[in-house]
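Some notes on the structure that comes next.
The values are calculated or read from the model by the stated rules, or taken from the named source; none is laboratory data. If you're wondering where the values come from, they're calculated on a predicted model, not measured in any experiment. Virtual Cβ from ideal backbone geometry, glycine too; neighbours counted across all protein chains shown. Only protein heavy atoms, including side chains, enter the accessible area calculation; ligands, DNA and RNA are left aside. Shrake-Rupley method; radii C 1.70, N 1.55, O 1.52, S 1.80 Å.
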Amino acid sequence: MTAQIIDGKESAAQLRSSVAGHVAWLKEEHGITPGLAVVLVGGDPASEVYVRNKGRQTIEAGMSSLEHKLPTETSQADLLALIEQLNSDPDIHGVLVQLPLPSHLNADLVINAIDPAKDVDGFHISNVGLLGTGQNAMVPCTPLGCLMLLRSHLGDLSGLEAVVVGRSNIVGKPMAQLLLNDSCTVTIAHSRTRDLASFCRRADILVAAVGRPEMIPGDWIKPGATVIDVSINRIARDGKQQLVGDVDFGSAAEVAGAITPVPGGVGPMTIACLLANTVTACCRAHRLSEPEGLTL
Ligand code: GUN
């Protein structure tokens, strides 16, 4: 069997186009421009690339983008003061603090200082609680993008066996909650799981998010399964830099029913979902009806 490729680039382009349509409507009908503020502390090169891409795509969707680049030695008090200022700015509907933060800063305190209504990452403890109890939350962007790909590929997920490999707060745990809310039978496995292969082999839906290059070979995959590979790992092969996922794509594509490639799978969905969450937050802030197709 050769797996169908799940084209995240194409799905992300459709979502961005839908976001841009809602932004145009907000501007024309209500005179509102959704605004996203992104805070970057320090000069981590990967984070700088993400933040630049977020800013560019925010503007391309017609929204306003505010970037705060702070030096590595920024104090917790100064960072909290900036968040307070963004929380009370009526032109800002989404606030995102890029992670990881330098080690002298307490990421939990910083994230929980963001107004939950503006928490477009869905990392604030009250959004985590809402998602965990099946209530209307801001949903973290990467798992939201994965769920959108799964729903559009499989339709109803009810009763399917889902295995999430990875237990991070950013991907693994919220992904498991979303799959549970869609009535899957969910297992969370991780780097310490004993006999990981046997868990993976049960999965109708396998979500890999551990950050270990090509650790899941094709013979761990149930024939016909849908495989969502979240990680983007940079490796050197044949003297060249290459991006690979947690799944060994070549052998997995021989067994799976469908699979996301790396790059071009989940990655493009993450920023598209961030834009969608910002429009959702803007509509909620102005008590306008929730836009169709941008959230769950
Ligand atoms: N760092 C890696 N992924 C993310 C994300 O989705 N949001 C934020 N804020 N930081 C990240």
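Through the Karplus equation 6.51 cos²θ - 1.76 cosθ + 1.60, θ set to phi - 60°, convert the phi angles of the stretch 282-296 into ³J(HN,Hα) values in whole Hz; use x for Gly and Pro.
With coefficients 6.51, -1.76 and 1.60, one gets 5, 5, 5, 4, 9, 6, 9, 4, 5, x, 5, x, 9, 9, 7 Hz.
Give, to the nearest whole percent, the P(r) tail of the stretch 244-296 beyond 16 angstrom, counting all Cα pairs.
When all Cα pairs of the stretch 244-296 are counted, 57 percent exceed 16 Å.
Using a 1.4 angstrom probe on the protein heavy atoms only, could you order Asp89, Asp238 from most to least accessible area? Display every interim value, and only then the final one.
On the way: Asp89 45, Asp238 140 Å².
Highest to lowest solvent-accessible surface, that is Asp238, Asp89.
Based on alpha-carbon atoms only, what is the radius of gyration of the chain relative to the globular estimate 2.2 N^0.38 Å?
That ratio works out to 1.00.
Ignoring any ligand, DNA or RNA, what whole percent of the accessible area of the chain comes from carbon and sulfur when the probe is 1.4 angstrom? Numbers along the way, then the final one.
Working: 6800 of 13360 Å².
Carbon-and-sulfur percentage of accessible area, whole number: 51.
List every residue whose amide H lies under 5 Å from the amide H of Cys184, counting only residues 5 or more places away in sequence or on a different chain, with H placed 1.01 Å from N in the peptide plane.
Gly159
Rg to Rh ratio, the stretch 165-296, alpha-carbon atoms and Kirkwood radius? Working shown, then result.
Numbers: Rg = 16.6 Å, Rh = 16.1 Å.
Reported Rg/Rh, Kirkwood definition of Rh: 1.03.
Please arrange Asp44, Asp204 by accessible surface area, largest first, computed with a 1.4 Å probe and ligands excluded.
These residues rank, largest area first, as Asp44, Asp204.
Can you spot the aspartates and glutamates whose alpha carbon is less than 15 Å from Lys27's alpha carbon? Ignore those fewer than 8 places along the same chain.
Output for Lys27: Glu60, Asp91.
Can you check what the net charge comes to around Ile232, using other residues whose Cβ is under 14 Å from the Cβ of Ile232 (Lys, Arg +1; Asp, Glu -1)? Please report the intermediate quantities before stating the final value.
Details: positive: Lys9, Arg212, Arg234; negative: Glu214, Asp229, Asp246.
Residues close to Ile232 contribute a combined charge of 0.
Can you give me the accessible area per residue for the chain, using a 1.4 Å probe, in Å²? Write down the numbers at each step before the final one.
Working: 13360 Å² over 296 residues.
That works out to 45 Å² for each residue.
Just to check I understand the Karplus step: with θ = phi - 60° and J = 6.51 cos²θ - 1.76 cosθ + 1.60, what whole-Hz values come out for the stretch 175-183, glycine and proline as x?
For the stretch 175-183, the Karplus-derived couplings read 4, 4, 4, 4, 5, 5, 5, 8, 6 Hz, x marking Gly and Pro.
Run the numbers for Gln242 and Gln135: contour at 0.36 nm per residue of separation, minus the present Cα-Cα distance, in nm.
On the way: separation 107, 0.36 × 107 = 38.52 nm, distance 4.00 nm.
In short, 34.5 nm is gained.
Report ³J(HN,Hα) in whole Hz for each residue of the stretch 251-265, in order, from the Karplus equation J = 6.51 cos²θ - 1.76 cosθ + 1.60 where θ = phi - 60°; Gly and Pro get x.
6, 5, 5, 6, 10, 5, x, 8, 8, 8, x, 10, x, x, x
Taking the Cα-to-Cβ direction at Leu154 and at Arg201 and moving 7 Å from each Cα, how far apart do the two end points lie in nm?
So the label points at Leu154 and Arg201 sit 2.0 nm apart.
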